[in-house]
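Below is one structure, written out as structure tokens, with a few remarks after it.
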Amino acid sequence: MTKLIKTALTISGIIFLPVLLFFFWASSPTLDEKQYVQLINQDIQQTVSTDSVYSIITYNIGYLSGMTNNLPIAKPRNLFDTNLKTVLYELKKSDPEFIALQEIDYDADRSYNINQQHELASLGYDHIAQAINWDKTYVPFPYWPPSMHFGKVVSGQSILSKYPITIHKSIVLERVEDTPFYRDAFYLDRLLQVAEINVQGRKVVIMNVHLEAWDRPTRDKQTVEIISVYKEYSKNYPTILLGDFNSDPSDPDASIHAVLAIPNIGYVNSKSGSTFPSDNPSIRIDHIFYT
């Protein structure tokens, strides 16, 4: 019996030790945490409007994967190249002073390790606020087949500005409490990214968010937190709160109603209304609010 137990333990060790080593290796970060929040200034020849009208765009680019996002299907390099050209064309045509981005890859195997922030900023954005919320050595998702795994992922949120960003910070929002440890170890942080910007001598605050997509109670708590921060800034400065809230106002219980209920808050209600999915939008989860 003792020999049988020893044999069983040996076999278990042979099976589980590699799995354990893989778990710790794959879920480990690739960067120092100090690199997660950066303020980047470039020297790009840009033209900045001197009138009193400014434009801003919020855009979850889904790491430029288009309709293949998170699906276990092949994503060839030309898919990302084509989508990048399309996004560059549209942004250049719109020429906004500010762009708030979510799900943007800085160095990820899934998007061929192209720094998407650098590519978009080349349109004329000297000032960049970068907040990394997903830094893993190897993400084993989609789960099957293994050839479709994301692999190394360094991704996050960015604010691109044609005006100087003086202060930038990133607030990590509450995580899903009941997530199994093996999933939580690979899960991304949800962020409230805050940038203070000097616009012709006046401080303007841009708050860029990407809230929890799958767990409503967590999203509700995150919404309460961002409202608190918004109210503090909006007491003293023109403040814009925007991003991917993963919350549709057509749902009477959606957390976005708490934001809409803030006294005197402005809301951009576009003609098209719906924002997701991009091929045939049917719900609105991306929003822009302002003082």
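Values computed for the structure shown
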| read-out | value |
| --- | --- |
| Probe 1.4 Å, accessible area per residue of region 154-280, Å² | 47 Å² |
| Length released on extending from Ala213 to Ile167, taking residue separation times 0.36 nm less the Cα-Cα span | 13.8 nm |
| Difference of contour (0.36 nm per residue) and Cα-Cα distance, Tyr112 to Trp25 | 29.2 nm |
| At least 15 Å along the helix axis (C-alpha) and Kyte average at least 1.6, DSSP helices within the chain | 2-26 |
| Area of Arg219 that stays accessible when all protein chains are in place (1.4 Å probe, Å², to 10) | 20 Å² |
| Given charges at Cβ of Lys, Arg, Asp, Glu: the chain dipole, positive-most of Val153, Leu188, Thr137 | Thr137 |
| Computed E for Ser147/Asn41 - FRET, C-beta separation, R0 35 angstrom, nearest 0.05 | 0.30 |
| Dipole-positive endmost among Val19, Ser270, Ile99 within the chain (Cβ charges, Cα centre) | Val19 |
| With eigenvalues of the C-alpha gyration tensor scaled by 5 and rooted, region 203-247, Å | 22, 11, 5 |
| Expected 222 nm ellipticity per residue - DSSP helices of 4 or more, -39500 (n - 2.57), all of the chain, to 500 | -8500 deg cm²/dmol |
| Size-normalised alpha-carbon gyration radius of the chain, reference 2.2 N^0.38 Å | 1.11 |
| At most 11 other Cβ within 10 Å, DSSP loop - chymotrypsin sites (Phe, Trp or Tyr not before Pro), region 180-243 | Trp214 |
| Quarter of the Cα convex hull surface for region 125-167, i.e. its orientation-mean projected area (nm²) | 3.9 nm² |
| Accessible area of Val19 in the full protein assembly, 1.4 Å probe (Å², nearest 10) | 90 Å² |
| Theoretical gain in end-to-end length, Lys92 to Tyr182 [0.36 nm per residue, Cα-Cα removed] | 28.2 nm |
| All-pairs alpha carbon distance profile, region 250-291, 10 Å steps from 0, percent | 25, 54, 20, 2 |
| Solvent-accessible area per residue, Å², over region 17-98 with all protein chains present [probe radius 1.4 Å] | 67 Å² |
| Cβ-based charge dipole, region 25-106, positive-most Cα from Met67, Ser28, Asn41 | Met67 |
| Area accessible to solvent at Phe141, 1.4 Å probe radius, in Å² | 60 Å² |
| In nm, spacing of pseudo-spin labels at Glu225 and Glu33 (7 Å Cα→C-beta vector) | 1.4 nm |
| Binned Cα-Cα distance frequencies in region 219-279 - 10 Å width, integer % | 18, 54, 25, 3 |
| Heavy-atom accessible surface of region 70-216: percent carbon and sulfur, 1.4 Å | 56 percent |
| Of Lys136/Lys235; Lys136/Lys169; Lys75/Lys162; Lys92/Lys235; Lys85/Lys203, pairs whose Cα-Cα distance is over 28 Å | Lys136/Lys235; Lys75/Lys162; Lys92/Lys235; Lys85/Lys203 |
| Unit Cα scatterers, Debye sum, region 16-168: log10 I(q)/I(0) for q = 0.15 Å⁻¹ | -0.82 |
| Within region 228-291: Cβ-based charge dipole about Cα centre, in debye rounded to nearest 20 (Lys, Arg +1; Asp, Glu -1) | 320 debye |
| Cα Rg over Rh - region 145-187, Kirkwood | 1.12 |
| Summed residue charge, Cβ within 11 Å of Arg190's Cβ, Lys/Arg positive, Asp/Glu negative | -3 |
| Fluctuation leader among Ser122, Ser247, Ser52 - the chain, Gaussian network, Cα springs under 10 angstrom | Ser52 |
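The values are calculated or read from the model by the stated rules, or taken from the named source; none is laboratory data. Given the structure is predicted, the values throughout are model-derived calculations rather than measurements. So basically every Cβ, Gly included, is an ideal-geometry build from the backbone, and we count neighbours across all protein chains shown. Please note that ligands, DNA and RNA were not included when accessible areas were found on the heavy atoms of the full protein model with its side chains. Shrake-Rupley method; radii C 1.70, N 1.55, O 1.52, S 1.80 Å.
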